[in-house]
């Protein structure tokens, strides 16, 4: 099977290009995977006020021994919950670019 590397395929999302030709730069499988990840992250940001309040309350009262860490505990709890909902694993070191 011959692959024509010079061939250019149109982007299937033409509504984003206002009639101009744009070559497709991402395969459909990668696009679908990225779209799914984006959908999860967007859904995570739709946390309602009651849920966020409960997370902050639980974090503040989980360790009342150090009042100086109250805001840090609350912020960490919110970030952890958002990451969990978005399907993002914990970051254990410096961020690295992912190979494609």
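Structural remarks
- Between residue 28 and residue 86, the contour length at 0.36 nm per residue exceeds the alpha carbon distance by 18.7 nm.
- The value of relative contact order for region 21-86, using C-alpha pairs under 8 Å at least six residues apart, is 41 percent.
- Each of residue 46 and residue 15 was given a label point 7 Å from its Cα along the Cα-to-Cβ line. The distance between the two points is 1.8 nm.
- Residue-span extension gain [residue 53 to residue 69] - 0.36 nm each, minus C-alpha spacing: 4.0 nm
- As a rough footprinting exposure proxy, the listed residues 82, 45, 40 were ranked by other beta carbons within 10 Å of their own, and the order from fewest upward is 45, 40, 82.
- Distance histogram in 10 Å bins (all Cα pairs of region 21-86, percent per bin): 20, 34, 21, 14, 9, 3, 0
Just so you know, all these numbers are worked out from the coordinates, no wet-lab data involved. Being a predicted model, the structure only gives us computed values, none of them experimental. Backbone-built Cβ (ideal geometry, glycine too); neighbour counts: all protein chains shown.
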